[in-house]
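Undergrad: Take this structure first; my questions come after.
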Amino acid sequence: MIEVRNLTKYYGSLCAVNGVSFTVGDGEIVGFLGPNGAGKTTTIRILTCFHPASAGSATVAGHDVFTESMAVRARVGYMPESVPLYVEMRVREYLRFRGKIRGLDRDTRERSIARVTERCWLTDVIDRPIGHLSKGYRQRVGLADALLHNPPVLILDEPTIGLDPTQIRATRALIRELAEDHTVMLSSHILPEVEATCRRLIIINKGQIVASGTPAELRERITGGSKIIVEIKAPAEQAATAIRKLDGVRAVETHADGDWCSLAVSSDSDRREAIFRLAAQHDWPLRELRRDVATLEDFFVKIVAGARDAHSVAHTTGDQQR
Amino acid sequence: MRNTIAIMERELFSLFFSPIGYIVVAGFLLITGVIVLVTGSIAPGKPATLRSVFDFTPYVLTIIIPAISMRTISEEYRSGTIETLTTAPVTDTQFVIGKYLAAMIFYTIMLAGTLVYLVLMMIYGNPDVGASLASYLGLLLLGASFTAFGVFTSSLTKNQIVAWMLGMVPLMLFVWFAAFIVQHAQGGLRTAFQKINVLRHLDQFNRGLITTESVVFFLATAVFFLFLTTKVVESRRWR
Ligand SMILES: Nc1ncnc2c1ncn2[C@@H]1O[C@H](COP(=O)(O)OP(=O)(O)O)[C@@H](O)[C@H]1O
Ligand SMILES: [Mg+2]
């Protein structure tokens with residue numbers, strides 16, 4: 001549904017998006033995650049034909065965003081980050097206008113307006129001026145507009161930013177519901193946001209894709225590199241040597257603390273049981289034995305801090321400048 | 001066509017909704033009203049004519065027309081609605097023409113307000129209705145040209161007031177000093193200035209003459225500035 005190849009965008013000399021490639025399959029719901037300034041909005045604006053790329057190409061619903069821009073625009077429902085609206089219009093007037101420029105005839109238009117107002121819980125405010133609505137309602141008007149022509153592809157830029165927790169929950173539920181019959185791509189700079197709604201995540205930082213996969217896959221990659229923390233009453237060196245001999249253990253760091261020592265064990269699999277038996281065999285008292293599970297959050301924070309984890313880099317492409 | 005009309009309707013809605021729209025109309029009718037009174041156009045015993053109104057109006061329009069057109073495109077940039085509009089299946093030309101037509105309709109309605117004077121005059125005396133209608137046609141065509149220029153300046157900035165200034169200052173310089181330049185220029189320059197002298201073209205209409213040259217002059221400048229506007233809108237995407 002969405003195919004992006006080596007997309008690059010310069011603002012003057014600033015490279016906002018640098019050789020980004022990814023695909024979003026038919027019917028998928030994909031989260032586009034990255035810190036502020038990562039290049040999410042820039043990428044999305046290229047996909048929605050708001051501005052052209054400096055290099056690379058993208059197709060949406062089988063049409064090139066540059067050469068077949070009108071076909072793409074007809075098939076995409078887009079909600080921009082700031083949800084710009086005409087504040088002097090009433091919700092119904094606004095949706096009628098949007099329906100007209102979407103090419104919907106009068107009957108279809110009125111039916112579509114009825115459908116989206118119900119779906120986005122706008123029935124109560126349909127005849128109110130948009131300027132009088134709260135942020136949450138405006139967001140829904142933006143969403144209703146994106147759904148009006150029943151597009152196969154929905155692209156939502158930070159759809160829950162600025163909402164209160166109740167509204168966030170309602171919006172998430174709505175997006176999940178929409179994902180049943182639309183291909184959805186939504187961006188966010190908050191991990192739990194996309195983790196809760198999306199089947200797959202694409203993580204972008206400084207204009208480059210740094211990782212992509214399902215939340216479970218990403219988590220697995222991280223926990224694959226997780227550590228077992230052991231606190232044991234034993235001579236540090238002796239304990240470390242014994243643990244190193246266990247199957248699958250790659251490295252052991254020791255830290256002596258009086259009679260006790262603490263060990264950080266890197267292993268390919270979970271070796272806690274073996275460590276317990278080893279301690280029992282040597283009659284070493286144990287006061288802690290736990291797996292230090294890295295969370296996706298840690299992973300994301302690490303990426304944001306710029307420390308890219310070697311084995312979690314999905315693919316990065318070199319400079320695409322020309 | 002449908003898109004153009006939808007954009008025009010929406011823009012007209014905002015123009016009529018905004019206080020600026022009413023201030024502009026009130027200001028224009030007030031000024032022309034004062035001109036009618038001061039020049040004694042409607043007075044017993046004098047020949048009934050709107051000539052003085054038609055002579056003064058172009059000067060007033062250099063200020064009024066950019067005020068009508070200033071918000072058309074700049075406001076879309078300021079509010080960010082340009083993003084939802086240009087990601088819908090609407091071409092840049094439809095967008096620009098829709099905006100232009102809205103400003104033109106607003107201008108036409110405002111101008112129609114002055115028909116009151118013509119009606120009053122027909123009650124009091126026996127004005128030359130034919131000549132007056134020719135003058136109205138002249139003002140409409142002049143408006144078509146000035147409005148296109150105003151829409152063009154509105155596409156250059158996201159600040160309405162800046163758009164107004166950018167529209168007003170060149171028009172004022174052009175209209176207010178046109179006669180002066182024509183008088184003092186020599187040779188080819190003088191002929192060139194005469195060709196583009198808005199007041200000379202308008203004067204033809206005021207004398208009841210509808211010449212192809214003048215009609216083409218106003219329409220061609222309108223098309224020229226609308227074309228420039230679409231180019232500006234297009235190029236702003238590339239930034
Ligand atoms: N119109 C613009 N002109 C110049 N620089 C821009 C513009 N829009 C965004 N940028 C810059 O491009 C980078 C990426 O921005 P953006 O795509 O908005 O990031 P995100 O949406 O991920 O927060 C940022 O450094 C931002 O300052
Ligand atoms: Mg953004």
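Here, each number is a calculation from the coordinates, and none is a lab measurement. Quick caveat, the model's predicted, so the values are computed rather than measured. Neighbour counts run over all protein chains shown; Cβ positions are idealised from the backbone, glycine included.
Undergrad: Counting only other chains, what is the mean number of Cβ atoms within 10 angstrom of the Cβ of each residue in peptide B:74-86? Before the final figure, lay out the partial values.
TA: Working: counts 0, 1, 2, 0, 1, 5, 6, 6, 2, 11, 15, 6, 6.
Neighbouring Cβ atoms belonging to other protein chains average 5 per residue here.
Undergrad: Along the charge dipole of segment B:2-238, Cβ charges K/R +1 and D/E -1, which of B:204, B:191, B:224 sits furthest on the positive end?
TA: B:191
Undergrad: Would you mind calculating the relative contact order of chain A from Cα pairs under 8 angstrom and at least 6 residues apart, reporting the percent as a whole number? Before the final figure, lay out each step's value.
TA: Values: 616 pairs, mean separation 66.3, N = 322.
Value for chain A: 21 percent.
Undergrad: Find the Cα radius of gyration of segment B:2-238, compare it with 2.2 N^0.38 Å by division, and give the number to two decimals.
TA: That ratio works out to 1.06.
Undergrad: Can you pull the mean other chain C-beta count within 10 Å for peptide A:98-107? Don't skip to the end; give the middle numbers.
TA: Numbers: counts 5, 1, 8, 15, 5, 6, 0, 1, 0, 0.
Rounded to a whole number, the mean comes out at 4.
Undergrad: Given Cα pairs under 8 Å that are at least 6 residues apart, what percent is the relative contact order of segment B:2-238? Spell out each step's value before the answer.
TA: Details: 272 pairs, mean separation 64.9, N = 237.
27 percent.
Undergrad: Give me the one-decimal nm value for the distance between modelled label points at residue B:122 and residue A:169, 7 Å along each residue's Cα-to-Cβ direction.
TA: Result for the modelled spin labels: 6.9 nm.
Undergrad: When you count, for each residue, the other Cβ atoms within 10 Å and take the mean per peptide, how do B:6-15, A:6-15 rank with the highest first?
TA: Values: B:6-15: 21.0, A:6-15: 15.4.
In descending order of packing, they fall as B:6-15, A:6-15.
Undergrad: Here's another thing I want to ask about it. Could you tell me whether chain A comes out rounded, prolate or oblate from its Cα gyration tensor? Rule is a ≥ b ≥ c as square roots of the eigenvalues, rounded for a/c under 1.5, then prolate if a/b exceeds b/c, otherwise oblate.
TA: prolate
Undergrad: Where Lys and Arg each count +1 and Asp and Glu each count -1, what net charge lies around residue B:101 among other residues with Cβ under 10 Å from its Cβ? The partial results should precede the final answer.
TA: Values: positive: B:99; negative: B:9, B:11.
Computed value for this residue: -1.
Undergrad: Next question. About the Cα centre of chain B, what is the dipole size in debye to 20, counting +1 per Lys and Arg Cβ and -1 per Asp and Glu Cβ, all else neutral? It would help to have the intermediate numbers written out before the result.
TA: Numbers: 16 positive and 11 negative charges, 67 e Å.
It comes to approximately 320 debye.
Undergrad: Here's a follow-up. Of B:121, A:63, A:43, which is farthest towards the positive pole of the protein assembly as shown's charge dipole, taken about the Cα centre with +1 and -1 on the beta-carbons of Lys, Arg and Asp, Glu respectively?
TA: Towards the positive end, the residue furthest out is B:121.
Undergrad: Give the long-range amide H neighbours of residue A:102: residues separated by 5 or more places, or on another chain, with amide H under 5 Å away, using H modelled in the peptide plane at 1.01 Å from N.
TA: The answer is none.
Undergrad: Also, quick follow-up: With +1 on each Lys and Arg Cβ and -1 on each Asp and Glu Cβ, and nothing else charged, work out how big the dipole of chain A is about its Cα centre, in Debye to the nearest 20.
TA: Working: 43 positive and 41 negative charges, 169 e Å.
Its charge dipole is roughly 820 debye.
Undergrad: On to the next question. With the convex hull built on the Cα atoms of segment B:95-220, state its orientation-averaged projected area in nm².
TA: On the way: hull surface 37.5 nm².
One quarter of the hull surface, i.e. the mean projection, equals 9.4 nm².
Undergrad: Once amide H atoms are built 1.01 Å from N in the peptide plane, which residues 5 or more positions from residue A:208, or in another chain, come under 5 Å H to H?
TA: Counting only residues 5 or more places away or on other chains, the set is A:18.
Undergrad: Oh, and also: Just counting partner chain Cβ atoms within 10 Å, what average do the residues of peptide A:82-92 show around their Cβ? Before the final figure, lay out each step's value.
TA: On the way: counts 4, 3, 9, 4, 11, 3, 6, 4, 0, 0, 0.
The shielding value for this peptide is 4.
Undergrad: Give the residue from A:242, A:187, A:133 lying farthest towards the positive end of the charge dipole for segment A:122-264; charges sit on Cβ (+1 for Lys and Arg, -1 for Asp and Glu) and the dipole is referred to the Cα centre.
TA: A:242
Undergrad: Continuing with this model, one more query. With the cut-off at 1.5 for a/c, could you classify segment A:1-84 from its C-alpha gyration tensor as rounded, prolate or oblate? Each step should come with its number before you reach the end.
TA: On the way: a/c = 1.38, a/b = 1.25, b/c = 1.11.
Since a/c stays below 1.5, the shape of segment A:1-84 is classed as rounded.
Undergrad: With each label point set 7 Å from Cα along the Cα-Cβ vector, what nm distance links residue A:74 and residue B:224?
TA: Modelled inter-label distance: 3.7 nm.
Undergrad: Could you work out the local net charge near residue A:62, counting Lys and Arg as +1, Asp and Glu as -1, over the other residues with Cβ closer than 12 Å to its Cβ? Provide the component values of the computation, followed by the final result.
TA: Details: positive: A:75; negative: A:3, A:26, A:64, A:68.
Net of charged neighbours comes to -3.
Undergrad: Once phi is turned into ³J(HN,Hα) by the Karplus curve 6.51 cos²θ - 1.76 cosθ + 1.60 with θ = phi - 60°, what whole-Hz value does each residue of segment B:95-107 show in order, with x for glycine and proline?
TA: Residue by residue, segment B:95-107 yields 4, 5, 5, x, 4, 5, 4, 4, 5, 5, 5, 4, 4 Hz.
Undergrad: Rounding to the nearest 20 debye, state how big the charge dipole of the protein assembly as shown is about its Cα centre with +1 on each Lys and Arg Cβ and -1 on each Asp and Glu Cβ.
TA: Working: 59 positive and 52 negative charges, 247 e Å.
The calculation lands at about 1180 debye.
Undergrad: Right, here's the next one. For the protein assembly as shown, what ratio Rg/Rh do Cα atoms give with a Kirkwood hydrodynamic radius?
TA: Values: Rg = 33.8 Å, Rh = 28.3 Å.
Reported Rg/Rh, Kirkwood definition of Rh: 1.19.
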